[in-house]
Amino acid sequence: MQVTETLSEGLKRELKIEIPAGDLASKLDAYMEDMKGKAQIKGFRPGKVPVAHLKKMYGRQAMAEILSNTIQESSQSVLEERSERPALTPAIDLPDEEAEAILAGTADLSFAMKYDVLPEFEIVDFKGIEIERPVVDIAESEVDEQIAEIAKNNAPFDTKEGAAESGDRVTMSYLGKIDGEPFEGGADENGQLVLGSGQFIPGFEDQLIGLKAGDEKVVEVSFPEEYQAAHLAGKAATFDVVVKEVAAPGEATIDDEFAKNLGLESLDKLKEIVRGQIEGQFGQMTRQRVKRQLLDALDEHYSFDLPEGLLNSEFDAVWNQVEEDMKRNEKTFEDEDTTEEEAKADYRKIAERRVRLGLVLSEIGEKNEIQVSDEEMQRALYDRVRQFPGQEQQVFEFYKNNQQALASLRAPIYEEKVVDYMLELANVTDKTVTKEELEKLVAEDEEDA
């Protein structure tokens, strides 16, 4: 095998790799000898098929397989010899005009390999990074407010005489129709709806205000354009409604009995759970703020050339999401007080930051032997599968047989473990803040992202 470097410019590399036709012929002969002992061809005893006959029948197919394996093996071997790490799978360029001759065994295999190498950089001393961790002390009043909201959402309803008002619960039967024909999923005999809750199609609840038990009404609405059921999206519909009961909300007494109705043993237990939920909510916001500070510190420290292919791939992903969001929200660049060119420049900077920080975190994780365990991957997979009720087996099989999809589950776990490792070494100090201050800090981070 002969290797010639044809380009070495920054991170870009191009190599010309040549493998003599004789080497390929030797591989083909070995392939045929192995096949000879296994082939079962009519008219020949097992193991007695002439190699020349096998080559005539299967030589082209075998050579194609040999070429594919040889290109893969030689490419990997060259990278190992050069101690280079490609940012993406190298691009292989095999001249079309030589393909037939190579397959026929009359020409040397010659192909070009193009790739970007990963940049080299020194790892910063994490102990020099200053992080201020905003911490919210959860006041008892915050817990009480949350429990009061739970009580409001679980308030008892008492049957009332008279017209339904916003906040009342209406029990009804209804039959939905499109173009006069009932549609699947559009009927219920004892449906309950709290007016003003926004649970039904926009405009439906408003038309029930003023109705009493026993009243009938044809409600006219249109399904939203973005409705989850595609066959109903954007269509006009009518609902034949019969009101069976109107009930007004009462007030729940917040005590041990109230907690027991929620499946808990006491009010103290309810308070404990609610406090934990609030702490978890603010804990996530604190984590987000701390991680942003850490990434900003790394971004300020590191400046190196990025692999063009990796950067373009990340930018394309970012830009596709931007275009989808703008289309969904019916926005234009003029609405955002910018131009497409200016927006692309801004989002390319975002892509550059993501790629650079991704390379830094990956290098830190590799040098410090940070691993994602099988148990962590299994947990992430099951969490993902649970997001698709009724399709669990199909989703599980998809990830099981798709390495790229599995890598997408692994990446965020790996990143968080690297961040945890760095935070253990960084200089982190706590600062008590109000929830409003924390929310403002996080909002500012999201605006700058």
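The values are calculated or read from the model by the stated rules, or taken from the named source; none is laboratory data. Not measured: the values here are computed from a predicted model. Cβ sites come from the backbone with ideal geometry, for glycine too, and all protein chains shown count toward neighbours. Side chains included, ligands, DNA and RNA excluded: accessible areas come from the protein's heavy atoms. Shrake-Rupley method; radii C 1.70, N 1.55, O 1.52, S 1.80 Å.
For the set LYS114/LYS344; LYS291/LYS349; LYS271/LYS291; LYS27/LYS55; LYS291/LYS417; LYS177/LYS235, the pairs lying more than 21 angstrom apart at their alpha carbons are LYS114/LYS344; LYS271/LYS291. The residues of the chain expose on average 62 square angstrom of accessible surface per residue, using a 1.4 Å probe on protein heavy atoms. Straight-distance candidates among the aspartates and glutamates for linking to LYS440, with alpha-carbon spacing under 14 Å and chain neighbours fewer than 8 residues away dropped: ASP448.
Based solely on its DSSP helices, what 222 nm [θ] is calculated for the chain when runs of n ≥ 4 H residues each add -39,500 (n - 2.57) and the sum is averaged over all residues, nearest 500 deg cm²/dmol?
My calculation for the chain gives -16500 deg cm²/dmol from helical runs alone.
When the GluC sites (Glu not before Pro) in segment 367-400 are filtered for DSSP coil states and for at most 15 other beta-carbon atoms within 10 Å of their beta-carbon, the remaining sites are GLU369. Placing +1 on the Cβ of every Lys and Arg and -1 on the Cβ of every Asp and Glu, with no other charges, gives the chain a dipole of roughly 2760 debye about its Cα centre. Give me the angle, in degrees from 0 to 90, between the Cα long axis of helix 403-425 and the longest principal axis of the Cα atoms of the chain, rounded to the nearest 10. With both axes taken from Cα atoms, the answer is about 80 degrees.
Other residues whose C-beta falls under 12 angstrom from the C-beta of ALA259 contribute a net charge of -3, scoring Lys and Arg +1 and Asp and Glu -1.
One chain, two ends: GLU352 and SER313. Fully extended at 0.36 nm per residue, the span grows by 13.0 nm beyond their Cα-Cα distance. Below 8 Å between Cα atoms, with a sequence gap of 6+, how large is the relative contact order for segment 253-343 in percent? About 10 percent, as a whole number.
With Cα atoms defining each centre, segment 6-32 and segment 196-226 are spaced 71 Å apart in the structure.
The relative contact order of segment 147-300 comes to 27 percent, based on Cα pairs under 8 Å that sit 6 or more residues apart.
Overall, the accessible surface of the chain at a probe of 1.4 angstrom is composed of carbon and sulfur to the extent of 45 percent.
For a modelled paramagnetic label at GLU130, 7 Å from Cα along Cα-to-Cβ, the residues of segment 403-435 in reach, with backbone nitrogen under 12 Å, are 427-429.
Please list, by residue number, every one of the trypsin sites (Lys or Arg not before Pro) in segment 48-150 that is coil in DSSP and has at most 13 other beta-carbon atoms within 10 Å.
Details: sites: LYS48, LYS55, LYS56, ARG60, ARG82, LYS114, LYS127; in loops: LYS48.
Passing sites in segment 48-150 are LYS48.
With the cut-off at under 16 Å, measuring from each backbone N in segment 194-224 to a point 7 Å along the Cα-to-Cβ line of ILE178 picks out 201-202, 220-224. Annotation: amide H of ASP108 within the under-5 Å range of ALA21, sequence separation 5 or more or interchain, hydrogens built in the peptide plane. Write down the Kirkwood hydrodynamic radius of segment 326-423, to one decimal in angstroms, obtained as one divided by the mean of 1/r over all alpha carbon pairs. Computed over Cα pairs of segment 326-423, the Kirkwood hydrodynamic radius comes out at 16.5 Å.
Which net charge results when you count Lys and Arg as +1 and Asp and Glu as -1 among the other residues whose beta-carbon is under 9 Å from that of ILE209? Surrounding charge for ILE209 is -4. With viscosity set to 1.567 mPa s at 4 °C, what whole-number translational diffusion coefficient in µm²/s follows for the chain from Stokes-Einstein and a Kirkwood radius over Cα pairs? After rounding, the answer is 44 µm²/s.
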